[in-house]
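**Student:** Sending over a structure as structure tokens; questions will come in a sec.
The values are calculated or read from the model by the stated rules, or taken from the named source; none is laboratory data. Predicted model only: the values in this text are computed from it and were never measured. Here the Cβ positions follow ideal geometry from the backbone for every residue, glycine too, while neighbour counts run over all protein chains shown.
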Amino acid sequence: MNENMPLQHKSYTKAIIIVSIAIPAAVAFLIMGPQAKIDLGFNTRSLPLFHAILNSTTAILLLASLYFIKNKQVTAHRRANWTAVILSSIFLVSYVIYHATNPSTRFGDLNHDGLLSDAEKAQAGPLRYVYYVVLSSHIILSAVIIPFVLFTMQRAYQQKFDKHRRLARITWPLWFYVAVTGVVVYIMISPYY
């Protein structure tokens, strides 16, 4: 083993921690901050469907990854996971673009005025609360999952497969939940876009 390896491991860990804090902070700032007046040359209002496609594909890749590793197909497992990370990264960039260029959509806002009248709340009914529970868990876990995915991949890269497996037992279900609930959130709110 190279004598610089412990230093490299520490710098990977620092980078993972920085990225794990910076991504949710940047996303929160861009979503809660002022809406950008950017002309990207296309209508970004169609991006939520693209996000649902990315999330569903990620969920399928995670299922495939689990299947591959259970059947000792390590190369296919690695490729499925890398593809899932790439799709999740594309999702993140696209999600930020969408929320930086569009007002937030409110569940139950039938007339698309950005406000929720008492009549709209009544029409949405208790499904509104289900939506917000699913959305809240999705948002919280999407921030939590970032270091889990990165540390799990780091352990595999370092060939610390025992640690990789232990961490993957936590990472996989969380990541899968985030991917699936991303699709569920889209399906639930799509009538209000």
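**Student:** Among the candidates Ser94, Ser142, single out the residue that is within 24 Å of Leu40 (Cβ to Cβ), of a type outside the set (A, V, I, L, M) and surrounded by 18 or more Cβ atoms within 10 Å (Cβ to Cβ).
**Tutor:** Just a single option satisfies the conditions, and that option is Ser142.
**Student:** Next question. Take the residues of region 121-152 that are part of a helix (DSSP H, G or I) and of a type in the set (Gly, Ala, Ser): which is farthest from Pro24 (Cα to Cα)?
**Tutor:** Top of the filtered list is Ala122.
**Student:** Tell me which of these Gln159 doesn't satisfy, since it passes every other one: (1) under 18 Å from Thr13 (Cβ atoms); (2) touching a helix residue (DSSP H, G or I) at 6+ places or on another chain (Cβ under 9 Å).
**Tutor:** Every listed condition holds for Gln159 apart from (2).
**Student:** Now a separate question. Anything in region 58-83 that is touching a helix residue (DSSP H, G or I) at 6+ places or on another chain (Cβ under 6 Å) and of a type in the set (Val, Ile, Thr)? List them, or say none.
**Tutor:** Thr58, Ile69, Thr83
**Student:** What is the residue count in region 17-32 for residues that are of a type in the set (Val, Ile, Thr) and more than 16 Å from the chain's Cα centre (by Cα)?
**Tutor:** Just the residues of region 17-32 that are of a type in the set (Val, Ile, Thr), to begin with: 17-19, 21, 23, 27, 31.
Next, from what is left, pick out any that are more than 16 Å from the chain's Cα centre (by Cα): 17-18.
The qualifying residues number 2.
**Student:** Of the residues in region 41-72, how many are of a type outside the set (A, V, I, L, M) and closer than 20 Å to Thr152 by Cβ?
**Tutor:** Final tally of qualifying residues: 9.
**Student:** Listed residues Leu116, Leu87; which is farther than 21 Å from Thr44 by Cα, surrounded by 14 or more Cβ atoms within 10 Å (Cβ to Cβ) and hydrophobic (A, V, I, L, M, F, W, C)?
**Tutor:** Leu116
So that you can scan it fast, the table gives a plain yes or no per residue for (1) modelled with pLDDT of 95 or more; (2) of a type in the set (Ser, Thr, Tyr); (3) more than 12 Å from the chain's Cα centre (by Cα):
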{"residue": "Thr152", "(1), (2), (3)": "yes, yes, yes"}
{"residue": "Leu174", "(1), (2), (3)": "yes, no, no"}
{"residue": "Thr181", "(1), (2), (3)": "yes, yes, no"}
{"residue": "Met188", "(1), (2), (3)": "yes, no, yes"}
{"residue": "Tyr193", "(1), (2), (3)": "no, yes, yes"}
